[in-house]
Amino acid sequence: MNNSPKHAQYMITRSNKTSILYANASFARAAGYSVDDVVGSGYMRYLDPDTPKEVLRDIGATLSRGVRWEGILGMRRRDGTVLFTRTSMSPWYEGGRIVGTTTVRTGATESEIAAALRLHRRLARPGAMVGLDCGRTVYRSWAKPFNVFRVTRDLASLLGIAALPGLMTSATVLLFEVNGSHLSAGMLHALLLSISAVSLTAVALLRKRMRKPLVECETQLHLIASGELSYKASNSVAVAGDPLTNALNLTRESLVSMVSELRAELSEMTTSIDQLSEGNMDLSGRTERQAAATAEITATLGRLVELVGSTTGHAENAATVAKTATEGSLRGLRAVESVVECMADIARGADQMKEVTKAIQAIAAQTNLLALNAAVEAARAGEHGRGFSVVAQEVRRLAASASEATADIGTLIQQSLQRAKEGQTRVDVAHLVIKDLAQAVDTVGDLMSEVSGGSKQQSASLDEIHHRLGQIDEDTQRNAALVEQTTAATEALAVQAHALESTAAVFR
């Protein structure tokens, strides 16, 4: 059993015949559950299992008659302990018929709990002589006549009030006797009976006129406590208890006006909060998508930066190779130029050899002519010139052979000269090609140097973009986290707004 002061709070629930439709936060905390857990659950979950059947029967019978039930009841909590509270159950009307129950629980004192436990033990005994009626103890069976003492206590009060005029009359009679005046016994009895009857009638009428509005006011106050604001006292009662009932009706009407305004404002606030929550959820989704896209772009750009860095390295290597190729082409160009000069020298040498061949041919012709002259002279000399004739013939033969050899050499020299010219032409063409190639390689080297420089600048720019995108990604992630926090706060606010709306809905 747990009845610490922290649990003595105003707890209210509203239920139909099977489950709880509304519960405030105080009840949920006292029961050890959340409001969401309580709403929709069966109300029997929170009933103390040791509650006597007579108590349950009296509660059902009282509420079915449209009457409020009040008493001390135990509430079972989530941890198995029982919290005893002063419980007031009022019928919940809709469309003029009872559709459920509104229960209000407040803290009970130790003495009230002890008295309730004693009563529960008496009710649980077989053949108990006591029972309940609207939460009040009544006697049963042969002890039922003792219920009259509940009436006689009120009657004794009335008789005591009615006896006051009689006492005043007795005092008046004594005063007459003291002054020497005498009243007959019949007159005295008639006077006493008349005064007592009038007094008793007046007290009874006064009690009747006072009790009905007070009971009506008590009913209205309990209905207001349970959230029922639509009930209004009848005109007859209002006239009977004019100041009190009118003040109570004015209080009820003020509460109705305030609750109506509160409901309207809560409805507008709930709509705005729901719209804000939907907007935040949409913003959260778009922010998350933006964060994902930014992260993907950052990753892609990172890979692009790596690729550009690799390309820059390749461009630098290509520029180095192009520079080497340029140097090689220049060396090749110089070598070809040397070959061109060599071919020119060979051509000049061939021309000189051609001139030498011509000179040899001329010498051979002169030698042949001299040999012919020598032969003629030898013939003239006769026998004496015969030897010289033989020599002249041999010289002519050698001159002819030399002439033929010189002609062959000339032919070979001519062919060599022709080939040298062709080689010169080809070498000139190769020289031009290699020269153009050297210029092209030099141009490629310049272009590769520019590409390498551009790649370096591009790599630096991409690094800067990648850094900025990284900052944007961090900011986007932080924004996404803030949006999530805002969304969570908005959702919590929406839950609280709906809870307030549900709380306001208790008052009808």
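A few remarks follow.
- Cα gyration tensor, the stretch 269-505 - rounded (a/c under 1.5), prolate or oblate: prolate
- Label zone (THR300, point 7 Å along Cα-to-C-beta; backbone nitrogen cut-off 17 Å) within the stretch 454-480: 462-463, 465-470, 472-473.
- Positive-end residue, the stretch 269-505 charge dipole about Cα centroid, Cβ charges, pick of THR320, SER310, GLN361: GLN361
- Fully extended contour minus Cα-Cα distance, from ASN373 to LEU437, at 0.36 nm per residue: 16.5 nm
- Charge dipole (the stretch 373-486, unit charges on Cβ, about Cα centre) - positive-most of ALA438, GLN393, LEU462: GLN393
- Charge dipole (debye, nearest 20) of the stretch 269-505; +1 at Cβ of Lys and Arg, -1 at Cβ of Asp and Glu: 2340 debye
- Given LYS354/LYS435; LYS358/LYS421; LYS354/LYS421, the pairs whose alpha carbons are separated by over 24 Å: LYS354/LYS435
- Highest-first arrangement of 434-441, 342-349, 85-92, where packing means the average Cβ count within 10 Å: 85-92, 434-441, 342-349
- Burial ranking of peptide ranges 14-21, 426-433 (average Cβ count within 10 Å, highest at the top): 14-21, 426-433
- Between THR18 and ASP274, the modelled labels are 2.6 nm apart [label points 7 Å from Cα along Cα→Cβ].
- Residue-span extension gain [GLN477 to ALA344] - 0.36 nm each, minus C-alpha spacing: 40.0 nm
- Subtracting the Cα-Cα distance of GLN457 and ARG136 from 0.36 nm times their residue separation leaves 106.0 nm of extension gain.
Bear in mind that the values in this text are calculations on the coordinates, not laboratory data. Keep in mind that this is a model prediction, so the values were computed, not measured. Cβ atoms come from the backbone with ideal geometry, glycine included; neighbour counts cover every protein chain shown.
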